[in-house]
1. In the stretch 129-171, whose amide N lies under 20 Å from the spot 7 Å out along Cα-to-Cβ of His123? List them in ranges.
2. For the stretch 13-401, what are the per-bin percents of Cα-Cα distances with bins 10 Å wide, up to the bin holding the maximum?
3. If you average the alpha carbon positions of the stretch 142-190 and of the stretch 303-334, how far apart do those two centres end up, in angstrom?
4. Convert each backbone phi in the stretch 338-351 into a coupling constant with the Karplus relation 6.51 cos²θ - 1.76 cosθ + 1.60 (shift: θ = phi - 60°), then list the ³J(HN,Hα) values in order as whole Hz, x for Gly and Pro.
5. Label-point separation (nm) for Thr404 and Gln263, each offset 7 Å from Cα along Cα-to-Cβ?
6. Which helices count as membrane-span-like in the chain under these terms: full DSSP H, at least 27 Å along the axis by C-alpha, Kyte-Doolittle mean of -0.5 or more?
7. With labels modelled as points extended 7 Å from the Cα through the Cβ direction, what inter-label distance (nm, one decimal) is found for Ala297 paired with Thr80?
8. For a quick check: with amide H placed at 1.01 Å from N, whose amide H comes under 5 Å from Leu35's, ignoring anything fewer than 5 positions away on the same chain?
Amino acid sequence: MPVAVIADPRVTVAGIPNLDAPPAYQPASLAANGLSRILLPSGHLAYHLTRYEHVQALLLDNRAKRGPCNQEGGASFLPTISPPELLLNSDFPEHGRLRKVVARDFSPSGVEALRNKTKQVIHQRLDALQRQGDGADLFTQVLDHIPSIVSCHLLGVPLGDRAYFRPLGHAVQVASSADVPELLNQFWGIYDYLTDLVTGARPTCQDGMIQRLVAARADSEPPLTDQELVGVLLGVLIGGDQNALSGLSKVVYTLLAAPPLWQQLVDDPGLIPNAVEELLRLIPLGTISIFPRSASADLEGPWGLIPEGSSIYADAFAANRDPAVFSDPLTIRLDRNEARHLQFGYGLHNCMGAALARMEITTVVQILVQRFPNLRLAVPADQVPWVNGIILRRPSGLPVHDFTSS
Ligand code: HEM
């Protein structure tokens, strides 16, 4: 008598080709106090926190500093250092003076003002995709354009500038160690470009964020310098394009690579905001999830004691899969409703663009599911091309077919 085979209806991370990257660190010996450590690419041993509760507590502790990691010889995943005035490189209390100038624009209500523009751009790009027909590339024709167009609109930057700043932002986020002088050239290229926007050497639109911040610089005490404005805006220019695109393209890829997940959203579009959170829980930007910190004092916490001067990797990637917090953590459950994930970081440096990324990703998925419920990958998922970098890791093409509407 034949035995009925019941297919496992669960979709797990392991079932999605390439979703997880190999770790960007090497395992290392335990510290004398028994805590786990890893070896970073910079050659530093770092305490490795992987439990949700520990990662959250460490990221809330302002004595865990970024500044020392961003100095020559500092503990890092990156092959170079970057200017200290970047938000991510600054520490309490200076950090607050910089960040507060853009807090309102990036709040959920501030971002809401961009939703209609985002919808309009998505529909325009999808019209073009549909005209190309089966086999058209959803990544290059649609996704690749959305965050950068929305960012230009937000910042008040001419759309034509994208051809200049986008390849630079891409290279900076890939952060390859193969040619560090060239990487630095690219970094300073985008930094100088932004300096020209802030000083008026290049044109910006009157109603954009750049002109608004320049006009309001004296509201900060002391007034923000050009360098500080660039330090804040660099995160918007690069993060608002490359980081949003990495999250967006991996969320869409995952849904297309697992048709049961896609179908679940077609059947119940109300689930989409929750589904996006569940996918983001499992999907970091690149091969790392958080930048290292340095202990400016003995740090006692739920982990035990991390001595002053130690390097620390608060691994949000691992914390987001902590079985003590997320049941059956490697299973993708689009209706999961457990703890808030840490993919956008936590505490002082929590992602400035989280609400923007959420809005863009959710809007794209809503429109895709509604317009093209039968959409499928046109190649097997394991043949989708990827770019693998440190802060940027994502598909570089998503050929699709079946643009029928029901
Ligand atoms: C899915 C998309 C995104 C993910 C997963 C993500 C993730 C993160 C994480 C984990 C951090 C904290 C890093 C740390 O503490 O070491 C961070 C910080 C940051 N992100 Fe994002 N990000 C995303 C999108 C964006 C967007 C769209 C923007 C720009 C508008 C942006 C701008 C920034 C900035 C400026 C910081 C530094 C904040 C600070 O130091 O105060 N990110 N992001």
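Computed from the coordinates by the stated procedures, all read-outs in this text should not be read as laboratory data. This is a predicted model, so every value here is computed, not measured. So basically every Cβ, Gly included, is an ideal-geometry build from the backbone, and we count neighbours across all protein chains shown.
1. Within reach of a label on His123, which here means backbone N under 20 Å from a point 7 Å along Cα→Cβ, the stretch 129-171 contributes 129-133, 141-151, 153-154.
2. 5, 23, 33, 26, 12, 1, 0
3. Comparing the Cα centres of the stretch 142-190 and the stretch 303-334, I get a distance of 31 Å.
4. 10, 6, 6, 6, 10, 5, 9, x, 6, x, 3, 9, 3, 3
5. In this crude label model, Thr404 to Gln263 measures out at 1.5 nm.
6. Details: long enough: 180-199 (28 Å, 0.33).
Helix filter hits for the chain: 180-199.
7. 3.6
8. Amide H neighbours of Leu35: none.
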